[in-house]
Amino acid sequence: MSGTIPGPDGKPRCRWCAAAPEFFAYHDHEWGYPVEDDRRLFEKLCLESFQSGLSWRTILAKRENFRAAFHGFDFERVARFTEKDVARLLQDEGIVRHRGKIEATINNARRAKEMVKAEGSLAAYIWRFEPAPDGLAAPQSASSTAASVALSKDLKKRGWAFVGPTTVYAFMQAMGLVNDHAEGCVIRAKAAKARAKFKPPRPR
């Protein structure tokens, strides 16, 4: 079976775009492009954690609600959330009301602050785990990899929660640490070009 489908312009896109019309814009403009902004990286880790057991369509539809509820995923602010905030979020119908995932997001914000202090930025830490191109599996053939297992283990060692290898691999795909666009997808070359220009931040 082909790994692509025709997009709105007739050009091939990754087959998973067929699951929802809104996936095309996300796929074309976000998924697989390298990211170094700490807040975007933190947001994506959190949203992938919330997705666990659910569909990305559900999370994407609620993304703006999540951003409002968590102050744009400003981890400096989220780190100061209290039990009162947890109670508030559990009443917020615009997000996924899962106590464990909400508490994990607050915990992970505190861990992100620690990481910035230790590494200089969240991005500098995350990009250390970019896998070598010659060690990648065929596009969209894996749900976790050695690199995602290593990042997951290290995050857990540092106290992060809801960051299993599958969740972390989905994060790595989305944030451009791997280019998992299907062979033949019109966006694959664009993502590769963006990565070629990208200079990963260095730990201090």
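Would you kindly derive the ³J(HN,Hα) couplings of the stretch 190-204 from the backbone phi angles with the Karplus curve 6.51 cos²θ - 1.76 cosθ + 1.60 (θ = phi - 60°), listing them in order in whole Hz, with x for Gly and Pro?
The phi angles translate into 5, 5, 5, 5, 5, 5, 4, 7, 7, 10, x, x, 9, x, 8 Hz.
Say the dipole of the chain comes from +1 at the beta carbon of Lys and Arg and -1 at that of Asp and Glu; which of 159, 47, 7 then lies farthest toward its positive end?
It is 159.
If Lys and Arg each add +1 and Asp and Glu each add -1, what is the summed charge of the other residues whose beta carbon sits under 12 Å from the beta carbon of residue 19?
Working: positive: 13, 15, 57; negative: 22.
Net local charge, residue 19 excluded: +2.
With every protein chain left in place and a probe of 1.4 Å, what is the accessible surface of residue 187, to the nearest 10 Å²?
Looks like 0 Å² after rounding.
What is the log10 of I(q)/I(0) for the chain, computed with the Debye formula using one identical point scatterer on each Cα and no solvent, at q = 0.14, 0.15, 0.16, 0.17 Å⁻¹?
After summing over all Cα pairs, the log10 values are -0.84, -0.96, -1.08, -1.21.
At a threshold of 8 angstrom on Cα-Cα distance, excluding pairs fewer than six apart, so keeping six or more, what relative contact order does the chain reach in percent? Kindly include the intermediate steps, with their values, before the conclusion.
Numbers: 259 pairs, mean separation 63.5, N = 204.
It rounds to 31 percent for the chain.
Add +1 for every Lys or Arg and -1 for every Asp or Glu among the other residues with Cβ under 14 Å from the Cβ of residue 166, and state the total.
Details: positive: 153, 156; negative: 48, 180.
Around residue 166, the surrounding residues sum to 0.
If you wrap a convex hull around the alpha carbons of the stretch 1-76, what volume per residue comes out, as a whole number of Å³? Spell out each step's value before the answer.
Details: hull volume 8.0 nm³, N = 76.
Per residue, the Cα convex hull of the stretch 1-76 comes to 105 Å³.
Can you give the helix-only mean residue ellipticity at 222 nm for the chain, where every DSSP H stretch with n ≥ 4 adds -39500 (n - 2.57) and the sum goes over all residues, rounded to the nearest 500 deg cm²/dmol?
-15000 deg cm²/dmol
Taking the Cα atoms of the stretch 71-164, report the difference between the largest and smallest coordinate on each principal axis, in whole Å and largest first.
Taking max minus min along each principal axis of the Cα atoms, the stretch 71-164 gives 48, 31, 22 Å.
So if I place +1 on the C-beta of Lys and Arg and -1 on the C-beta of Asp and Glu, and nothing else carries charge, what would the dipole magnitude of the stretch 1-139 be about its Cα centre? I want it in debye, nearest 20.
The calculated dipole for the stretch 1-139 is roughly 400 debye.
The values are calculated or read from the model by the stated rules, or taken from the named source; none is laboratory data. Source: prediction; values computed, not measured. Every residue, glycine among them, receives a Cβ derived from its backbone with ideal geometry; neighbour counts consider all protein chains shown. Each accessible area value is taken on the protein alone, full model and side chains, heavy atoms only, with ligands, DNA and RNA left out. Shrake-Rupley method; radii C 1.70, N 1.55, O 1.52, S 1.80 Å.
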